[in-house]
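These notes concern the structure reproduced below.
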Amino acid sequence: MQGSRKLLMIGWDAADWQVIDPLLEQGKMPHLAGLIEGGVRGNLASLQPMLSPMLWTTIATGKRPHKHGIHGFIEPLPDRTGVRPVTSTSRTTRAIWNILTHRGMHSNTVGWFASHPAEPIHGVCVSNLLQRGCPSDKKWHVPDHAIHPAALAEPLGKLRIHADDLQHSDLSPFVPSLAGQKVEDENLAKGLAALARLLAEMATVQSVATAVLEQEPWDASFIYFDAIDHFCHSFMYHRPPKLPQIDPLLYEAFKDTVDGVYQLQDMMLGRALDFCNDDTTVIICSDHGFLNDHLRPAAIPDGPQGPAVWHRFHGMVVMKGPGIRRGEQLYGASILDLCPTMLSVLGLPVGEDMDGKLLAAAFDAPPDTGTIPSWDDLEGGFGEHTQALRVDPVAAAEAIQQMVDLGYVDAMPEKVEDTVALAVRELKFNLAMALADAMKFGESLSLLEELARQYPDQAKYRAAIAEHALEAGDPSLAREHLDAAFAARAQAEAEGTKLPPAPQLHLQLAQVLYAEHRYAEAMAQFRTAEDLAPNSPKLLLRVGIAHTGQRDYVQAERVFHRVLEIDPNEPVAYYGLARVAMRLRQYEQAVDHALSAVGLRHHLLGGHLMLALALARLSHVTEAIAAANTALALRPQFRPAHRLLVRLHHLAGSEPLADYHRGQLRAIGEAIEQRRQRAAERE
């Protein structure tokens with residue numbers, strides 16, 4: 001039975017329903033439309049930080065970045081004599097293609113982020129360095145270790161397409177207003193050069209993937225395109241509606257470019273579907289979305305994470321195949337859930353150390369393939385590297401330069417030691433942000449405080465400490481670093497340095513003041529932050545939460561609805577409305593808002609608790625117990641859920657279960673007290 005199952009996973013980096021849906025309505029993405037009609041679709045929640053190497057490795061492993069080891073775009077060489085693009089040898093856990101190799105199944109992987117050097121899996125592995133171009137005056141060789149098996153390096157290498165191979169007519173569908181025109185404007189010429197390079201890389205991935213699908217056996221194929229993300233970073237400013245700061249000449253030239261790449265991606269999907277049969281499950285997904293409307297940022301913040309300001313938290317997912325529901329909407333999906341779901345589709349058990357879950361709602365009858373403690377604990381062949389391999393310096397340099405051009409990587413310092421130090425500190429910072437996203441605030445704060453000590457001039461470390469300290473319930477630590485940040489800004493301005501506004505610092509100070517019960521001062525800081533960033537959902541959410549805490553429910557509702565006007569897919573706004581409805585004893589509305597919140601972001605812990613509380617108030621005890629148990633599945637030591645379940649099981653007459661949760665509360669309390677005692681002893 002295992003041999004009859006097939007899986008085709010195609011990743012479209014940054015693909016977003018907000019762009020896709022109008023194209024679907026116009027009939028311009030027919031192949032994706034066919035998958036949706038015969039399968040399920042939904043939003044796909046991302047993780048923080050929204051950096052592609054980290055996210056696509058999560059998709060391939062089912063684990064958060066602090067478990068899988070990929071923490072950025074570049075990494076130091078093992079001997080610290082320089083840097084290189086992040087490599088597959090830095091991954092600290094097994095990817096799905098390693099698992100399939102262990103089970104004797106054929107898998108093909110093409111272009112996946114952080115897949116170089118290509119792993120010796122049971123099948124074909126083509127790394128993400130193969131498609132990178134090189135200056136036209138140099139010989140374009142296949143990078144060392146870019147293709148496994150090595151015998152395919154020559155035939156697959158011949159399928160690559162270079163930007164110089166494209167004619168002006170090849171670009172015309174993406175810039176129809178320039179068709180047949182001679183381009184003399186320098187900025188237009190630069191834009192066309194970028195367009196040609198991105199198209200060539202996209203076409204290379206497609207040509208290699210098509211050859212592998214057609215000529216090689218496969219039980220599962222994993223194909224990754226970075227085209228939509230890269231096109232959007234280059235041309236989203238020029239997409240309608242026109243932004244006031246955009247040059248009219250550039251707008252007219254490139255206004256159709258982003259939509260054009262989506263349509264081309266759909267055409268390429270159609271070709272890949274030619275190699276699927278009725279036993280094939282097809283998954284199309286993105287790691288995050290991309291701002292494309294009035295929320296497009298006016299400027300990009302400095303630093304390697306600056307371009308991520310474009311990224312929307314929700315990407316997209318479509319699934320079609322045997323046993324999958326037809327024409328259904330999928331709610332609460334996360335990128336963490338894709339690997340467990342793919343393993344289940346292929347009849348394999350899910351690792352208990354994976355952070356996601358099977359997307360059971362996608363199936364008529366969810367597959368029950370069981371679990372295994374960890375695939376990492378098993379012996380045998382997994383198609384892994386036994387030692388770090390040399391990375392081709394030319395290919396590495398080209399890959400790093402592309403990341404610099406996109407803004408994901410700072411320009412490298414001249415001194416090698418400075419280059420290595422910059423790479424190390426960014427990896428540590430990204431890991432700290434990922435740990436905080438996993439609610440491991442102690443580990444996150446430890447890393448950030450180390451960085452703040454080493455680099456006291458880097459304000460972003462203090463801002464991150466303040467943010468995470470507040471989330472961890474330590475306003476005094478947040479206050480310490482905010483005071484230092486404001487003092488540093490005051491000194492810089494006194495010395496004549498003009499600094500950009502810092503609404504985030506005012507927001508954090510407001511939260512500290514609020515925690516100190518200095519409500520009037522807190523609201524003044526909230527207003528300052530809102531004035532500096534009047535259309536920032538993040539800031540408005542904090543203001544709404546503050547109004548809720550002050551029991552000013554009218555103002556809280558107003559602010560949360562304002563957030564939803566700006567971004568209708570903001571789950572925390574629905575959670576805020578659920579809290580307000582609970583306070584106003586509008587329990588049915590609270591249920592509706594809480595369902596909207598957890599539907600958009602399944603891992604929103606408070607949303608499940610609010611849903612349970614509202615259902616309990618409506619005397620829906622069984623449903624309330626289920627919602628509270630979902631919260632505990634997300635955080636087993638979540639005391640509010642245990643307290644609620646004590647009451648609910650008592651109401652249901654299940655005293656043994658009520659006693660169980662009482663015992664859990666005692667155990668959690670004892671563990672907290674032991675940690676406090678150990679901390680006091682250390683002091």
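The values are calculated or read from the model by the stated rules, or taken from the named source; none is laboratory data. Everything numeric in this text was worked out from a predicted model, so none of it was measured. Quick reminder, even Gly has a Cβ in these numbers, built from the backbone with ideal geometry, and neighbours come from all protein chains shown. Accessible surface areas use protein heavy atoms only, side chains included; no ligands, DNA or RNA. Shrake-Rupley method; radii C 1.70, N 1.55, O 1.52, S 1.80 Å.
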Filter pass, Asp219 being of a type in the set (D, E, K, R) and either under 25 Å from Gly38 (Cβ atoms) or touching a Cys at 6+ places or on another chain (Cβ under 8 Å) (or both): yes
Residue count for region 513-565, restricted to those that are touching a Leu at 6+ places or on another chain (Cβ under 9 Å), part of a loop (DSSP other than H, G, I, E, B), open to solvent by 40 Å² or more (accessible area, probe 1.4 Å) and without any contact (Cβ under 8 Å) to a residue 60 or more places away in the chain: 1
Residues satisfying the stated conditions in region 256-291, i.e. crowded, with 20+ Cβ neighbours inside 10 Å and part of a loop (DSSP other than H, G, I, E, B): Ser286, Asp287, His288
Selection from region 631-664 of residues that are open to solvent by 40 Å² or more (accessible area, probe 1.4 Å) and under 27 Å from Gly356 (Cα atoms): Ala633, Leu634, Arg635, Pro636, Gln637, Arg639, Pro640, Arg643, Leu657, Tyr660, Gln664
Identity of the residue in region 665-681, open to solvent by 100 Å² or more (accessible area, probe 1.4 Å) and either over 26 Å from Val646 (Cα atoms) or under 35 Å from the mean Cα position of the chain (by Cα) (or both), that ends up modelled with the highest pLDDT: Arg676
Selection status of Val309, in a helix (DSSP H, G or I) and touching a residue at least 12 places away in the same chain (Cβ under 8 Å): yes
Single match in Ala463, Ala510, Ala469 (criterion: farther than 19 Å from Met433 by Cβ, of a type in the set (A, V, I, L, M, F, W, C) and assigned to a helix (DSSP H, G or I)): Ala510
Residues (within 12 Å of Leu348 (Cα to Cα) and either touching a strand residue (DSSP E or B) at 6+ places or on another chain (Cβ under 6 Å) or open to solvent by less than 30 Å² (accessible area, probe 1.4 Å) (or both)) located in region 102-111: Met105
Which listed residue is within 30 Å of Thr257 (Cβ to Cβ), without any contact (Cβ under 8 Å) to a residue 60 or more places away in the chain, assigned to a helix (DSSP H, G or I) and aliphatic (A, V, I, L, M), from Leu159, Leu188, Leu171: Leu171
Which numbered condition Ala573 fails, given (1) closer than 22 Å to Gly289 by Cβ; (2) of a type in the set (Gly, Ala, Ser); (3) surrounded by fewer than 24 Cβ atoms within 10 Å (Cβ to Cβ): (3)
Selection count where residues are more than 15 Å from Asn430 (Cα to Cα), assigned to a loop (DSSP other than H, G, I, E, B) and in contact with a helix residue (DSSP H, G or I) (Cβ under 7 Å, 6 or more places away or on another chain), scope region 78-90: 3
Asp247 vs. criteria under 23 Å from Ala33 (Cα atoms) and of a type outside the set (Gly, Ala, Ser): no
Ser596 vs. criteria of a type in the set (Ser, Thr, Tyr) and farther than 30 Å from Leu541 by Cβ: no
Residue that is at pLDDT 80 or above and either loosely packed, with under 15 Cβ neighbours inside 10 Å or not in a loop (DSSP other than H, G, I, E, B) (or both), where the choices are Ala395, Ala388, Ala411, Ala478: Ala478
Some residue of region 309-332 being among the polar types (S, T, N, Q) and over 14 Å from Val40 (Cα atoms): no
Filtered residues of region 161-186 (kept if under 32 Å from the mean Cα position of the chain (by Cα) and farther than 25 Å from Val142 by Cβ): Leu171, Pro173, Phe174, Val175
Residue ranges of helices (runs of 4 or more DSSP H) in region 1-77 with at least 1 members polar (S, T, N, Q) and open to solvent by less than 10 Å² (accessible area, probe 1.4 Å): 52-61
Leu55, sole failed condition from (1) touching a Leu at 6+ places or on another chain (Cβ under 9 Å); (2) under 23 Å from Phe363 (Cα atoms); (3) of a type outside the set (D, E, K, R): (2)
Candidate set: region 324-351, residues that are part of a loop (DSSP other than H, G, I, E, B) and modelled with pLDDT of 95 or more; chosen: the one surrounded by the fewest Cβ atoms within 10 Å (Cβ to Cβ): Arg326
Subset of region 482-501 that is among the small types (Gly, Ala, Ser) and surrounded by 12 or more Cβ atoms within 10 Å (Cβ to Cβ) - its residue that is farthest from Tyr455 (Cα to Cα): Ala492
